[in-house]
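As structure tokens, the structure follows; a few thoughts come after it.
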Amino acid sequence: MDNKPLSDVERIKSASRHLRGTLLESLDNAITGSIAEDDTQLSKFHGIYQQDDRDSRSERKRQKLEPAYRFMIRARLPGGVCTPQQWLAVDQLADEYANNSLRLTTRQAFQFHGVVKRNLKTTLQRINQTLLDTIAACGDVNRNVMCSPNPYLSDVHAEVHSWAAKISAHLTPQTRAYHEIWLDGERLTDDPEVVEPVYGDTYLPRKFKTAVVIPPQNDVDIFTQDLGFIAIIENDQLVGFNVTVGGGMGTTHGDTATYPRLADTLGFCTPNQVLDVATQVVTTQRDFGDRTNRKHARLKYTIDSRGIDWFKHEVELRLGRKFEEAREVSLRGIGDRLGWEKGADGFYHFTLFIDSGRVKDDDVNGRRLKSGLREIAVIHTGEFRISPNQNLVIANISLANKAAIESLLTKYTLHAPVSVLQSHAMACVALPTCGLAMAEAERYLPELVGKVEKLADKHGIEDQPIVLRVTGCPNGCARPFVAEIGLVGKGPGRYNFYLGGGHNGERLNKLYLENVDEQVILDELDVIFEHYACDRQPAEAFGDYCVRARVVTATRSGIDFHDDTGRGGVTS
Ligand code: SRM
Ligand code: SF4
């Protein structure tokens, strides 16, 4: 690794003067709707991705036009929390500058799609005016810190959430580039300042993701995160966190050196050690992560290359103390509890199902989601919480407001019944905006779920909460490799078909069939569902059944993810 040249993104970061690059010049260049190539890497650190409309790509090429460049902007919200005023502001921005929709992401953030270059600066300024920001929503830094969103789960939720916010603030890049470029902040010096105490001049080798989870739910998919904090609550008090490291989903088709991996547990830390632990895990990855090969640069590979014992020792050296033994804890259920819940403090919470997190008025069955949420935001006095399953909790509703919100939910048909399968399904964005998509995901999910539901009905297992996740490529943005059924785009209409993930996010799945179309997937599921309906043990989850019945072999660690393609179980 040492003699290999650094990846090109390292050159770009290094020459960028703390993420400035030529972004100002790129924004001023009116000849093209795009920004300079090097700046497309730097803009990510500011929460901006250059994309183009893939639906119109070939037609524009035929007309000899440049691609229809548009930008995706991701706003960062630690733990997915925003106020009704912030909701109203982003709702309006989506209409004024984006494609009239908002996208709630699998990491509890907002995305705007379809922003043209000339509107980037105004949109960012308006986002910042709402006291949200976009810095570090993307890029080789710590991203949006996730946190279990459901306030009814425990009295200490607010305290745990405050740790997610503190980690987020602590790991936010310190460069003033963001303020200078987007907020017209004053340039303090021409010299590259020494501004990044945690990251250093070239930031991290790759993206880095952190989450905090409140047991018993594993709604944040804690084991898929680079760094995880599992809250340990004793006698209704937060006593500390179990610390996990080295999770990640991204893979590349055909490259077995890449694999998803579930995190290992390092040990226990007290709340006042959290920021130090986060710093030392991040700096260890900063110093030892692979900067030569971006496909091998995530923390999971650093850990597998050097060993978890080495990693733990290195972090402990930096901390100047050893981790305490991890505490006993059990996590179950990665989904959201939809509908009304009453919290311990007497406030009400309504978790609203949102298909793939897309907030728009599509009028399907009279459902006008965007308008309805806007009207709710006008009267709501609590807050909104985006869930890691792309749903939305209308949280902390007072008793006085409950009836009014209920009647708006009815007026806009927002709480139409949702099937068990639908509520456990998730898809990434994919086409038409994602430049990496190989197949449809978000646009395809409702149709696919309808068909799988019919099969579940046929075999009488429609009440089984089977986790189904679809992504347009193997980068894994909807965390498909922990799903009980995972479909990962291979080409138009074709998917790699995975089975056997743990229902609680505790086991990776395994490739069952490669590069298959919908008909094959449905035919296979038909047979497997039939066997599951007859042969399952009491309370046996679908993923566990697939492993026990040897439909696929169990994946025990990321390294054996590619071993033994599973085909050969009940349908053969
Ligand atoms: Fe992701 C890249 C969308 C969560 C792994 N992801 C992308 C890009 C930006 C495509 C690109 O690089 O050009 C996608 C933009 C699509 C679009 O048009 O909006 C994209 N990722 C998303 C979102 C919006 C999916 C969603 O349906 O909600 C999620 C935004 C989260 C956020 O708010 O920050 C999203 N991405 C994830 C997750 C899940 C998670 O973090 O919990 C993963 C898997 C976990 C992980 O990181 O290992 C994920 N995205 C990736 C990867 C693969 C990284 C790797 O290690 O190989 C890429 C590609 C890359 O980084 O090179 C990627
Ligand atoms: Fe795009 Fe692939 Fe992520 Fe889906 S999984 S949003 S297709 S990068």
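The values are calculated or read from the model by the stated rules, or taken from the named source; none is laboratory data. Nothing here was measured: the structure is a model prediction, and the numbers come from that model. Backbone-built Cβ (ideal geometry, glycine too); neighbour counts: all protein chains shown.
Would you confirm, using the coordinates I've provided, whether residue 77 is under 25 Å from residue 40 (Cα atoms), away from ligand 1 (no atom under 15 Å from the Cβ) and crowded, with 23+ Cβ neighbours inside 10 Å? Considered against the rule, which asks whether it is under 25 Å from residue 40 (Cα atoms), away from ligand 1 (no atom under 15 Å from the Cβ) and crowded, with 23+ Cβ neighbours inside 10 Å, residue 77 comes out as no. Which of the residues that make up region 34-51 are under 15 Å from residue 119 (Cα atoms), free of Cβ contacts under 8 Å to residues at least 60 places away in the same chain and within 16 Å of ligand 2 (Cβ to nearest atom)? Result: 50, single match.
Closer than 16 Å to residue 118 by Cβ, more than 16 Å from ligand 2 (Cβ to nearest atom) and surrounded by fewer than 16 Cβ atoms within 10 Å (Cβ to Cβ), is that true of residue 31? So that I can check it myself, show each step before the final result.
Working: closer than 16 Å to residue 118 by Cβ: yes; more than 16 Å from ligand 2 (Cβ to nearest atom): yes; surrounded by fewer than 16 Cβ atoms within 10 Å (Cβ to Cβ): yes.
Considered against the rule, which asks whether it is closer than 16 Å to residue 118 by Cβ, more than 16 Å from ligand 2 (Cβ to nearest atom) and surrounded by fewer than 16 Cβ atoms within 10 Å (Cβ to Cβ), residue 31 comes out as yes.
Take the residues of region 80-92 that are farther than 21 Å from residue 211 by Cβ and within 16 Å of ligand 1 (Cβ to nearest atom): which is surrounded by the fewest Cβ atoms within 10 Å (Cβ to Cβ)?
Step one: list which residues in region 80-92 are farther than 21 Å from residue 211 by Cβ, which gives 83-92.
Keeping just the survivors that are within 16 Å of ligand 1 (Cβ to nearest atom) gives 86, 90.
Details: 86: 20, 90: 22.
Ranking the qualifying residues of region 80-92, first place goes to 86.
Does region 18-57 hold any residues that are at pLDDT below 95 and either over 23 Å from residue 67 (Cα atoms) or out of contact with any strand residue (DSSP E or B) (no Cβ under 9 Å at 6 or more places or on another chain) (or both), and which are they?
Of all residues in region 18-57, those at pLDDT below 95 come to 52-57.
The answer is 54, 55, 56, 57.
Could you please find all residues in region 306-340 being farther than 30 Å from residue 422 by Cβ and touching a Gly at 6+ places or on another chain (Cβ under 8 Å)?
Here is the first cut: in region 306-340, the ones farther than 30 Å from residue 422 by Cβ are 306-328.
Of everything in region 306-340, those that are farther than 30 Å from residue 422 by Cβ and touching a Gly at 6+ places or on another chain (Cβ under 8 Å) turn out to be 308, 311, 312, 322, 323, 324, 325, 326, 327.
Annotation: of all residues in region 410-440 being in contact (Cβ under 8 Å) with a residue 60 or more places away in the chain and within 8 Å of ligand 1 (Cβ to nearest atom), the one that is nearest to residue 253 (Cα to Cα) is 437. The lone criterion from (1) polar (S, T, N, Q); (2) surrounded by fewer than 20 Cβ atoms within 10 Å (Cβ to Cβ); (3) in contact with a helix residue (DSSP H, G or I) (Cβ under 7 Å, 6 or more places away or on another chain); (4) closer than 23 Å to residue 180 by Cβ left unmet by residue 129 is number (3).
To keep it simple, each residue is scored yes or no on (1) aliphatic (A, V, I, L, M); (2) surrounded by 21 or more Cβ atoms within 10 Å (Cβ to Cβ); (3) more than 30 Å from residue 267 (Cα to Cα).
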{"residue": "323", "(1), (2), (3)": "no, no, no"}
{"residue": "352", "(1), (2), (3)": "yes, yes, yes"}
{"residue": "374", "(1), (2), (3)": "no, no, yes"}
{"residue": "381", "(1), (2), (3)": "no, no, yes"}
{"residue": "430", "(1), (2), (3)": "yes, yes, yes"}
{"residue": "437", "(1), (2), (3)": "yes, yes, yes"}
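Let's see how each residue does on (1) buried (at least 20 other Cβ atoms within 10 Å of the Cβ); (2) away from ligand 1 (no atom under 16 Å from the Cβ); (3) among the charged types (D, E, K, R):
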residue	(1), (2), (3)
200	no, yes, no
208	yes, no, no
215	no, yes, no
220	yes, no, no
225	yes, no, no
229	yes, no, no
235	no, yes, no
257	no, no, no
271	no, yes, no
